[in-house]
Amino acid sequence: MRSRSRTIPFHLLPLSLRIVPSFLLAVSSVLSMVRIPVPILDVATPFFPVMILYFFTLWQPRSLPYGSVFVAAIIYDAFQMSLFGSYALILMIMRALLGTVRARLGYRDSTLYHSLIFIGVGCTFFILEWLWLALQPSTNVIVSTLLVRNLISIALYPLLHMILSSIVIALQTRS
């Protein structure tokens, strides 16, 4: 059942729900650069910023303004040492696309529903990332690493969705 939860204007959101999404996005940009000593994850760390961007854009689009997406992407670019602004462009495009998805589909409180849509989001992000990096003459794009990273992100999204849902519920009950 499709429900159109109303979007609350940014200034009417409780302070905690205005700060936490942007903070989590910035922290996830740094965490995406950390190598995790787990056999599969040491090759490619999941791209947490896209998962957090997806969750908060579909939950309450105004809780994650474009400015915080841009700053988090610049942080990621600075740590990655790639062409400066490349992930800023990709994440801004993803934010705009996710805003359109939210406007057309509404919001459903279902982990399965969000996980299925995230498969399409992960594939779209992979294609955008691969196209952008392939167009750069100085970068050596390893498609298999990008693919593994996006597949790991898709596989871990249901767990992250449950964690973020718990955080949002806790913040809403405290406000």
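No lab work stands behind these numbers, since they all come straight from the coordinates. Small disclaimer: the values here were computed from a predicted structure and weren't measured. So basically every Cβ, Gly included, is an ideal-geometry build from the backbone, and we count neighbours across all protein chains shown.
List of remarks:
- The phi torsions of region 116-124, fed into the Karplus equation with coefficients 6.51, -1.76 and 1.60 and a -60° offset, translate into couplings of 5, 5, 5, 4, x, 5, x, 5, 5 Hz, rounded to whole numbers, with Gly and Pro shown as x.
- Applied to region 131-137, the Karplus parametrisation 6.51 cos²θ - 1.76 cosθ + 1.60 on θ = phi - 60° returns per-residue 3J(HN,Hα) values of 4, 5, 6, 5, 6, 7, x Hz, with x for Gly and Pro.
- A Cβ-based charge dipole, computed about the Cα centre of region 66-164 with Lys and Arg at +1 and Asp and Glu at -1, lands at about 220 debye.
- In this simple spin-label model, placing a label point 7 Å from the Cα along the Cα-to-Cβ direction at both Leu131 and Ser165 gives a separation of 3.2 nm.
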